[in-house]
Amino acid sequence: MNRILVVQTAFLGDLILTTPLFRAIKKIYPEGYLSVVIRPEYRELMRAIPEIDELIFYDKRGRERGLLKFYNKIREIRLRLASLAISPHRSARTALLLWQSHIPRRVGFAEAGLSFLYTDRVARNMSLHEVDRNLSLISALEQDPGKFDRMPYLQVKEEWEKEAAILLPPSPRFVGIAPSSVWPTKRWIPAGFSRLIDLLSEKLGLKAVILGEPGAEPLAREIAGQAKSEPINLTGKTPLGVLTAVVSKLKLLVSNDSGLVHVASARNIPTVAIYGPTSPKFGYGPLSPGSRTVGLDLDCRPCHVHGPRECPRGHFRCMKEITPEQVLETAGMILNSKI
C-alpha cells in the first residue's frame, strides 16, 4: 500500500477524533504515503500532524461548491493513484468521490450514504466513542483496533506557544470558558456562564479566559459584560494553532458540546462538558483524564444528535435549568477542591 487516502471533511471536532486513525494507518503501513482530504480552514492544525504526508483541501461549502467543482476534485484525487481509501466521513458525496477516483480498495461505514460503493464496509457501532468507531475501520484490513492508541492528539508549534505566552502570562490559575457552538441549542445560557466565571474566581481562585471562533464575539462580550471578575476575552483573536496552544495552558476547560472539547482532549486538558439537547452517549464526550459532563435528566433529552436550531418543545429546559453552582461543583470535583 504505497498511497493511502483518508477523507474527513466534517467539522473540527470530527477531524480531531480521526487523528488516532491517522496514527494507526502509519503504524500498519510505515512506508505508506498518507494523504488526507480536509476542509481548508483546518490546514494549520493538520500540517503539524507528523503522520500526514499530504493535505488535500476540499472547500465543499465554499469556492468548490457545485457539480463541476466536484468532478474537478475527482480528477485531482484520481491523479494521486491511491491504492487504498479509508473514509470515516459518511456522506454519499464522499462515497461517490472515492468510487469515481478509481481507488481499487475503499473502506467505509456500512451506514454511510451510497455505502455499496465501498469495497469494504464496517458496521458503525453506536455504543462506542467516535474515536473507536473511526479506528474500527482498520478491522477491514485484518487489524485489531484495540491494539492502537485511541487518544486524539494535536501538536503545538513553537511559534504558537510564543504567541499564546504573549496572550496569557504564566499562571496555574487559568480556566477556559467556551460558550459557543455551531448549533444554537447546544449553547448554555450566557447568564449561566457569567455567574460561573464569578464563582470560579470567588470559590476556586481561577481566572476565566473566554475562547471561541470568529463570529462568536457578540456572545463573548455579553458574557464578559455580565461578569464582575473581568475575564480575559480571546474570542476571535486566535488562529486555530494559537488557540490550541492557549488551551494547552489551561488548568481546566468548561465548554458546551463543541469542537473545543476535542481540542482539550487532544492536549490532555481536563474538561467540564455541558450537554443540553445532545448527550455524551452519542460518542463525542471528552476523553482527557478526569473530565466530567453536566446534563439534566429530562424525558425530552437527548432530542437530537447535533442539536436542533430551536427547542422542539419550546421550553429549552435542558440548558436553562443547569445552574452555575452545578457546573462549579463538577469543576471542583475535577480539581479536588472544596467549595
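Data overview
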read-out: Helix 19-28 axis, angle to the chain major axis (alpha carbon atoms, nearest 10°); value: 40
read-out: Local electrostatic count, Val294, Cβ distance below 12 Å [Lys/Arg +1, Asp/Glu -1]; value: -4
read-out: Cβ charges +1 (Lys, Arg) and -1 (Asp, Glu), total dipole of the chain, debye; value: 580
read-out: Cβ-based exposure ranking for His306, His129, His262, His89, in which fewest neighbours within 10 Å come first; value: His306, His129, His89, His262
read-out: Angle between the chain longest axis and helix 158-167 axis [Cα atoms, degrees, rounded to 10]; value: 20
read-out: Ranking of Cys303, Cys318, Cys311 by count of other Cβ atoms within 10 Å, fewest first; value: Cys303, Cys311, Cys318
read-out: Helix-only mean residue ellipticity at 222 nm for the chain, each DSSP H run of n ≥ 4 adding -39500 (n - 2.57), per residue, nearest 500; value: -9500 deg cm²/dmol
read-out: The chain: angle of helix 324-335 to the longest principal axis, Cα-based, in degrees nearest 10; value: 70
read-out: Whichever aspartates and glutamates have a C-alpha closer than 17 Å to that of Lys281, once near sequence neighbours (fewer than 8 apart) are set aside; value: Asp14, Glu130, Asp132, Asp257, Asp297, Asp299
read-out: Listed pairs Lys27/Lys157; Lys207/Lys237; Lys27/Lys162; Lys26/Lys73; Lys186/Lys207 exceeding 20 Å between Cα atoms; value: Lys27/Lys157; Lys27/Lys162; Lys26/Lys73; Lys186/Lys207
read-out: HN-Hα J in Hz across segment 196-205 - Karplus 6.51, -1.76, 1.60, θ = phi - 60°, x for Gly and Pro; value: 4, 4, 5, 5, 4, 6, 5, 8, 10, x
read-out: Proxy reagent accessibility, fewest Cβ within 10 Å first, across Asp257, Asp297, Asp149; value: Asp297, Asp149, Asp257
read-out: Cα lying deepest toward the dipole's positive end in the chain, options Leu219, Pro280, Trp99, charges on Cβ; value: Trp99
read-out: Segment 69-82 - phi-based ³J(HN,Hα) in whole Hz, Karplus 6.51/-1.76/1.60, Gly and Pro as x; value: 5, 4, 6, 5, 5, 4, 4, 4, 6, 4, 5, 6, 6, 5
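Computed from the coordinates by the stated procedures, all read-outs in this text should not be read as laboratory data. Because the structure is predicted, anything quoted here is derived from the model rather than measured. Neighbour counts are summed over all protein chains in view; Cβ atoms, including those assigned to glycine, are modelled from backbone coordinates with ideal geometry.
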